[in-house]
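Asks: Handing you this structure, nothing more for now.
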Amino acid sequence: MKKSIYKRILLKMSGEAFKGEREYGIDPKFLLYVANEIKEATSLSVQIGIVIGGGNIFRGIAGAANGMERVTADYTGMLATVMNALALQDALSKVGVDSRVQTAIEMREVAEPFVLRRAIRHMEKNRVVIFAGGTGNPYFTTDTTAALRAAEIRADAIFKATKVDGVYEEDPTTHPNALKYDTLDHMDVLNRQLRVMDSTALSLSMDNHIPIMVFSLTEKGNISKILVGEKIGTCIGGKS
């Protein structure tokens, strides 16, 4: 049986992905699909941490742009990530995957507070750990949260799940002939202003020598394929 070439990864998913075919909220069918993808990945002897955005429910930046005070908007967005984390935990439970939600904003009735050593201990016991509540501070995106948590847990890579199958020089939905990159350096992404992660997240990943694997979440089996070394999507800052 194949095993993962990575010991520990941080999976980053956007909240928008949880909408599935809906315009808003959480699509239970898509959530179950994601849970099964994660279950397949756990069978490859890899430890998994997860960070999810909250854009399917509320986006802090959008709230601020519409007149909401930025700090309040960002905290509201953090709470949306907790909702997504709890929903994913429920879906994982349904497919037999043991998981824990840890949140940077304390709410002990629904989740554990983020404690690094406890998170690592959970992963060593083959539990998936879902990091919610962002960094616990406003003005930081969930991309930055993913890079921070990946550095803290000493992840071998960040798996950035998207709607497209890698990084392109231009948006492939509006530019069908756009060039797709197989490999890039962190500085390439920053200098070319490619829309992969925000600059803080990219810089943090680069400084800690954490490669970023960008791939399509909607293609079944992609997480497991990358784990066993198949060349899927775009590899940033490492060998694909």
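Asks: As a test, work out the antiparallel percent of DSSP beta bridges whose residues both lie in the stretch 8-236, rounded to the nearest 5. Show your work: numbers first, answer last.
Replies: Values: 5 of 33 bridges.
Bridges in the stretch 8-236 that DSSP calls antiparallel: roughly 15 percent.
Asks: At q = 0.12, 0.14, 0.16 Å⁻¹, what is the log10 ratio I(q)/I(0) for the chain, with the Debye formula run over Cα points and no solvent?
Replies: -0.63, -0.88, -1.18
Asks: Oh, and also: What is the spin-label model distance, in nm, from Ser203 to Glu219 if the labels are put 7 Å beyond Cα along the C-beta direction?
Replies: The modelled label-to-label distance comes out at 3.3 nm.
Asks: Cα-Cα over 21 Å: which of Lys29/Lys125; Lys12/Lys225; Lys3/Lys180? Mind showing how you got there, number by number?
Replies: Numbers: Lys29/Lys125 28 Å; Lys12/Lys225 16 Å; Lys3/Lys180 28 Å.
Cα-Cα > 21 Å for Lys29/Lys125; Lys3/Lys180; rest within.
Asks: Right, next: Name the most mobile residue of Arg154, Arg117, Arg192, meaning the one with the largest mean-square fluctuation, in a Gaussian network model of the chain with Cα contacts below 10 Å.
Replies: For the chain, modelled as a Gaussian network with Cα springs under 10 Å, the answer is Arg192.
Asks: Could you identify which residue out of Thr144, Thr173, Thr103 has the top mean-square fluctuation in a GNM of the chain using Cα springs shorter than 10 Å?
Replies: Thr173
Asks: Just report the Cα centroid separation between the stretch 1-23 and the stretch 105-121, whole Å.
Replies: Each part's Cα centre sits 21 Å from the other's.
Asks: Between Lys94 and Lys7, what length in nm is gained on full extension when 0.36 nm per residue of separation is reduced by their alpha carbon distance? Don't skip to the answer; put the middle values down first.
Replies: Details: separation 87, 0.36 × 87 = 31.32 nm, distance 2.49 nm.
Between Lys94 and Lys7, full extension yields 28.8 nm more.
Asks: Let me ask something additional. If the chain between Asp185 and Glu124 were fully stretched, how many nm would it gain, using 0.36 nm times the residue separation less the Cα-Cα distance? Kindly include the intermediate steps, with their values, before the conclusion.
Replies: Working: separation 61, 0.36 × 61 = 21.96 nm, distance 3.04 nm.
This chain segment gains 18.9 nm when fully extended.
Bear in mind that the values in this text are calculations on the coordinates, not laboratory data. In this text the structure is predicted, and so the values were computed from the model without any measurement. Counting neighbours? That spans all protein chains shown, and the Cβs are built from the backbone with ideal geometry, glycine included.
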